[in-house]
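First the structure, then my questions, so here it is.
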Amino acid sequence: MEFLISISLVLIIFMIMGIVIYQKYVGVTDTKIDIAGRHTADTIAENINEISSVGNGYSQFFTLPGEIYGDSYTVEFYKNEPAVFVKSGMTWSSPLFTTNITCLMSICETSGDITRINLNSTKKVRISNHEGVVYLEDSI
Amino acid sequence: MKRINKRGQIFTFDFIFATGIFLVILAGVIYLWDSTIYGIDSSEKNYEINWISETTAEQLVRIPGIPKDWWKNPENVTVLGLVDADGGYNRILDIDKLLHFSNITNKNYSIVRNKLLGTGKYNFYAEFSCLNDSNRDCFSGIYVDSLYNGNLTCSNGFNFSVINNRISSYLWKEAEGYDEQFGTSTIVDGTVSNSEYVKVGADDWMLYNISFPADGDYKLWARCSKTGAMSREINVEVENVFSFIVECTSNDWSWTSTSDAKEVKVGWHLVNLSKTSDWVNLDAILFTTDLSYNPDDKPDFGNFNIMQPISCITGNYSTENSILIVSDTKTATFSDVAEGCNPSDICLRDGVSQPHNWDRTIRLKFVVWG
């Protein structure tokens, strides 16, 4: 009887420990995903804002990560919303200086007011400013 | 007879002690884990709020916004920016955009917040002040396209009074702040503005070099007192072009003004104050284009720069309960420097070159908090 009680006690302790560790693991994973997503949104916004504010004729390259913590993700721009949205389970957004963005990359889709980039592999992007319009192009 | 302990060995003190130690260590590990995650979360939040603050402050002083002339229809603005669309330069601001930015923020704070920050998670306020912290001269006399006559007020009560398309000027000069004088004496008195006034007798005079920020009709106020029953007149000549007569009627300190306003051109002007008869005490003078302004019923001796807020704050600035407050400060200037003048240029008026040092540089402090 005592043995059974002891074993039960040990099992209960391990169960509680398991649950706590699992919860912590989920929390840490969420934090990691959140950080990765936010940094991706900020990187895109930083590049677009920089190229938008320096003026006509400037261009530069930047790299979009292929995944956010192991998952593919989507980048979205809206015609009337000065922000970039990154979606992968969660959604992150960063403010933009412009809404005049045209995506000419092969992986871009435009429907109505939304421009969407679906990413599942690392992508090098050429970004340029031509007369106030920011162009995103495939890097050759 | 010896009693036999029928309990098994599993409930020994060792077991309970070991379990206790294990649980204590486990609790310690969980605590450390939690505090580490909390630390990472906090620093990430700090990074995010810093990033937003810096980016948004930069946005306001570097882009004209979309559409470029959004101030004509502020409700339909897509991207907010304060740069003058015609200026073509970063950090040259359009006063119309600043005024309408303040106005729409007062009316629709949450919409403006979401547009600027790209999120509703945090709050913001923007503070516009002159580079010279002690006054609001950088706003004086700027041409406003969108308002002929009227007032626009910032969230903190800072008031832009616009008359004939120009922001009103309040040029305050302490009487003892003369550039040259003859025969006067300066008296220390704790009851007057700046704790000093000037006693002016017959044939005495004082000369002030005053920079007028824009063309306009200026009314002159003088804070004076006298002795005796008769009123005293002060003659105020602006570069021998025309003169104001101010009549000092009270034996106590009081403000008195010219009956009408006279047009003064932009630039530096020598203003000569002289007495025509007996002694009079002079504390301060004020040239203003705000013809309805009466300093006599105002606190702080009617000094606009003291009684009014020095900076225009727009947005939500009730930050008492906020955990994180991050600010970023930028400087910019206004496109309308003063007619015909550029910052640090020489202004020509009537064929005479005059150094123009009317500093229109402003400081934008953009604060994000959450």
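Have a look at B:PHE160, A:ILE114, A:PHE3 and report the one farthest towards the positive end of the charge dipole of the protein assembly as shown, computed about the Cα centre with Cβ charges (Lys/Arg +1, Asp/Glu -1).
A:PHE3
Given springs between every Cα pair under 10 Å in a Gaussian network model of chain A, which of A:ILE44, A:ILE12, A:ILE68 has the largest fluctuation?
Highest fluctuation of the listed residues: A:ILE12.
Another question, if that's okay. Hey, if you put +1 on the Cβ of every Lys and Arg and -1 on every Asp and Glu Cβ in chain B, which of B:TYR317, B:THR288, B:ALA261 ends up farthest toward the positive end of that dipole?
B:TYR317
Counting Lys and Arg as +1 and Asp and Glu as -1, each charge on the Cβ, what is the dipole of the range A:72-140 about the Cα centre in debye, to the nearest 20?
Around 220 debye, computed over the range A:72-140.
Sticking with this structure for a sec: Springs between alpha-carbon atoms under 10 Å, Gaussian network over chain A: tell me which of A:THR98, A:THR31, A:THR40 tops the mean-square fluctuations.
Between A:THR98, A:THR31, A:THR40, it is A:THR31 that shows the largest mean-square fluctuation.
Please arrange B:ASP86, B:ASP217, B:ASP204 by counting, for each residue, the other beta carbons lying within 10 Å of its beta carbon, fewest first. Show your work: numbers first, answer last.
Numbers: B:ASP86 11, B:ASP217 14, B:ASP204 18.
Listing B:ASP86, B:ASP217, B:ASP204 from fewest to most nearby Cβ atoms yields B:ASP86, B:ASP217, B:ASP204.
Quick check: the angle from helix A:2-54's long axis to the longest principal axis of chain A, C-alpha only, nearest 10 degrees?
Roughly 10 degrees between the two axes.
Please identify, among B:PHE182, B:PHE124, B:PHE101, the residue showing maximal mean-square fluctuation in a Gaussian network model of chain B using a 10 angstrom Cα cutoff.
The residue with the greatest mean-square fluctuation here is B:PHE182.
Mean 1/r over all different Cα pairs, inverted: what Kirkwood radius does the protein assembly as shown give, in Å?
Values: mean 1/r = 0.0357 Å⁻¹.
Computed over Cα pairs of the protein assembly as shown, the Kirkwood hydrodynamic radius comes out at 28.0 Å.
Right, another one. Quick one: compute the contact order of the range B:143-287, relative version, from alpha carbon pairs under 8 angstrom and 6+ residues apart, as a percent. Spell out each step's value before the answer.
Working: 353 pairs, mean separation 42.0, N = 145.
Relative contact order of the range B:143-287: 29 percent.
What per residue convex hull volume, in Å³, comes out for the range B:58-204 when only alpha-carbon positions are used? Don't jump to the answer; show the numbers that get you there.
Details: hull volume 24.3 nm³, N = 147.
So the per-residue Cα hull volume is 165 Å³.
How do the peptides B:16-29, B:144-157 rank, highest first, by the average count of neighbouring beta carbon atoms within 10 Å per residue?
On the way: B:16-29: 11.5, B:144-157: 15.4.
In decreasing order of mean packing, B:16-29, B:144-157 become B:144-157, B:16-29.
Quick one: putting +1 on the C-beta of Lys and Arg, -1 on the C-beta of Asp and Glu, what dipole do you get for the range B:250-326 around its Cα centre, in Debye to the nearest 20? Working shown, then result.
On the way: 4 positive and 10 negative charges, 64 e Å.
Here the size comes out at about 300 debye.
Quick one: net charge around A:ILE127, please, counting Lys, Arg +1 and Asp, Glu -1 for every other residue with C-beta under 10 Å from its C-beta.
Numbers: positive: A:ARG126; negative: A:GLU50, A:GLU137.
Result for the neighbourhood of A:ILE127: -1.
Next question. Would you please give the residues with an amide H less than 5 Å from that of A:TYR58, counting only those at least 5 places away or on a separate chain, with H modeled from the backbone geometry?
HN-HN under 5 Å from A:TYR58: A:ASN129.
Per residue, how big is the convex hull around the C-alpha atoms of the range B:60-143? Give it to me in cubic angstrom, could you? Walk me through the numbers on the way to the answer.
Details: hull volume 8.8 nm³, N = 84.
In the range B:60-143, the Cα hull volume divided by residue count equals 105 Å³.
Please compute one quarter of the surface area of the Cα convex hull for chain B and express it in square nanometres.
Numbers: hull surface 126.4 nm².
That works out to 31.6 nm², a quarter of the Cα hull's surface.
Skipping prolines and chain starts, which residues have an amide H placed within reach, meaning under 5 Å, of the one on A:VAL84, given they are 5 or more residues away or on another chain?
Result for A:VAL84 returns A:SER94, A:LEU96.
Eigenvalues of the Cα gyration tensor times 5, then square-rooted: what semi-axes does that give for the range A:1-112, in whole angstrom, largest first? Show your work: numbers first, answer last.
Working: eigenvalues 455, 32, 25 Å².
Square roots of five times the eigenvalues give 48, 13, 11 Å.
Compute the distance from the alpha-carbon center of the range A:13-70 to that of the range B:158-203, in whole Å.
So the separation of the two Cα centres works out to 59 Å.
Quick note: the coordinates plus some simple rules give every number you see, no bench work behind them. Small disclaimer: the values here were computed from a predicted structure and weren't measured. Backbone-built Cβ (ideal geometry, glycine too); neighbour counts: all protein chains shown.
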